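Here the structure is laid out as structure tokens; the discussion comes afterwards.
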Amino acid sequence: MKRKKKKMKKKVKILLFFLLLLLIVFLLWNSTKIVLKKEVSVSLNEEAKVENLLKNVRRGTVLNKEEALDTSTIGEKEVKILFKTFLGFQKTYKVTYQVVDNESPVIHFQKTLTTAIGKEIDLLKDVSASDNSRETVSVFVEGEYDFNKIGDYTLYYVCKDRSGNEAREEFILKVGDGNTSISSNESTFTTSKGFEGVVKDGVTYIDGTLIVNKSYSLPSTFGNGLTTETTNAFNKMKSAALLDGLNIYIASGWRSYDRQVTLYNNYVKRDGKEAADTYSARPGYSEHQSGLTFDVNEVSDKFIGTPEANWLSENCYKYGFILRYPNGKQDITGFKYEAWHFRYVGVDLATKLYNNGDWLCLEEYFGIDSVYKD
């Protein structure tokens, strides 16, 4: 009888053990999950992935986090998230997200138009607009002006997309006397260091060097790729680095105005405008649009101190390049230290800015600032 009781107790213990084990597995199973972001929305035509929807992953792995989301049209979308628990089980979650359009169209225009009194010109002749929705958008002019009256008229190009996002760009119509040429769109100035500056068709040159920073912008239509001179100089520099056993390559070269709009807006959305302005230029103020600038290798702080970064800092001037945003110059350039960002200025000026290894930036050399006006 006692033996039967012992066997029964043993069976009960085993049963309780398995029940406890099942309970633990059950609790772990239910504590294994993914946590989504509160606002699950992405921008129209944004390059977004499943991982952009996730806030946290607990005790498991998302198998398709690199899967691209459909952002081609506005509205609610659904995607399946494949989740593997740490126990090896798989779960499938159906998640909805919103594709929204909060981006304004981009207007391509010249900031100043000039004509002679009594001679009308088409203010929309060389103006166009593009939108992230890829729909056709139209531009119109707001403001009062008179071709028969001399003066400078402040006008606006205005464009709206189907989602109601509006772009407004200010431009100046100059109506001069009968001797004013339509093509004359040039002004001059002198910097604090005595260098002569020229602004022609919206592009600024100081002592013959094209300037792009937070104070001096480029027209939205400027540029179409790296200049031949820049490319040839880079190839010579790359060959020299290879002889020293280093591989230097262009990770990001010329960028259009439209591309900069997308990049900058994404950074602002992620980090806020104040933070984004320390490492990303606003559209029209990016050196990448000039065709004279590129980023090399790894575009992040991880590149700082690498053999390639050190070699470039010590040798790039020999090929006409400058370290555009040197360490400790953020208050002058307006941008953080970027060991990967190089600008072509020619060997003569590059050698002066190299300054025997104590890099000067363009702003302090020419005596100009780099500050957004708004």
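Quick notes
- Using a Förster distance of 30 Å, the FRET efficiency for T92-S41 (Cβ separation, nearest 0.05): 0.85
- Residue of T85, T231, T221 that the Gaussian network model of the chain assigns the largest fluctuation, springs spanning Cα pairs under 10 Å: T85
- Over the stretch 149-229 - Rg/Rh using Cα atoms and the Kirkwood inverse-distance radius: 1.05
- In the chain, the DSSP beta bridges split such that about 90 percent are antiparallel, to the nearest 5.
- Residue of K77, K318, K91 that the Gaussian network model of the chain assigns the largest fluctuation, springs spanning Cα pairs under 10 Å: K91
- Relative contact order of the chain, pairs being alpha-carbon contacts under 8 Å that are 6 or more residues apart, as %: 10
- Using the Karplus relation 6.51 cos²θ - 1.76 cosθ + 1.60 with θ = phi - 60°, the per-residue 3J(HN,Hα) values for the stretch 206-220 come to 10, 6, x, 9, 5, 10, 9, 7, 5, 9, 10, 9, 10, x, 5 Hz, with x marking Gly and Pro.
- Where (1) 19.4; (2) 23.1; (3) 28.2 are the candidate values, the label of the one calculated here for mean projected area of the Cα convex hull in nm² is (3).
- Normalising by residue count, the stretch 229-374 has a Cα convex hull of 108 Å³ per residue.
- Gyration tensor verdict on the stretch 261-311 (Cα atoms; rounded if a/c is under 1.5, prolate if a/b is larger than b/c, oblate otherwise): oblate
- According to the Kirkwood relation over distinct C-alpha pairs, the hydrodynamic radius of the stretch 106-184 is 13.4 Å.
- Residues of the chain were split at every exposed loop site, defined as GluC sites (Glu not before Pro) in a DSSP loop with at most 12 other C-beta atoms within 10 angstrom, and the longest piece left, sites excluded, is 145-374.
- The simple Förster model, with R0 at 35 Å and r as the Cβ-Cβ distance, assigns D374 and N148 a FRET efficiency of 0.60.
- The ranking of V35, V345 from fewest to most other beta carbons within 10 Å of each one's beta carbon is V35, V345.
- For the stretch 191-200, 3J(HN,Hα) computed residue by residue from phi via the Karplus equation (6.51, -1.76, 1.60; θ = phi - 60°) reads 7, 5, 9, x, 7, 8, x, 10, 10, 10 Hz, glycine and proline entered as x.
- Neighbour-count ranking [beta-carbon atoms within 10 angstrom, fewest first] of W359, W340: W359, W340
- All Cα pairs of the stretch 30-100, percent lying beyond 17 Å: 39
- Simple label model, 7 Å out from Cα along Cβ direction - D177 to N356, nm: 5.4
- Amide H contacts of R343 (H built 1.01 Å from N, in plane; Pro and chain starts excluded): I322, R324 sit under 5 Å, all sequence-distant by 5 or more or on other chains.
- Counting Cα-Cα pairs of the stretch 199-288 in 10 Å increments starting at 0 gives whole-percent bin shares of 14, 36, 32, 17, 1.
- Contact order for the stretch 30-100, expressed relative to its length and based on alpha carbon pairs under 8 Å spaced 6+ residues apart, stands at 33 percent.
- Here L124, L210, L243 are placed in order of increasing Cβ neighbour count within 10 Å, fewest first, which gives L243, L124, L210.
Where a number appears in this text, it was derived from the coordinates with a stated rule and is not lab data. Since the model is a prediction, treat every value here as computed from it, not as a measurement. Every residue, glycine among them, receives a Cβ derived from its backbone with ideal geometry; neighbour counts consider all protein chains shown.
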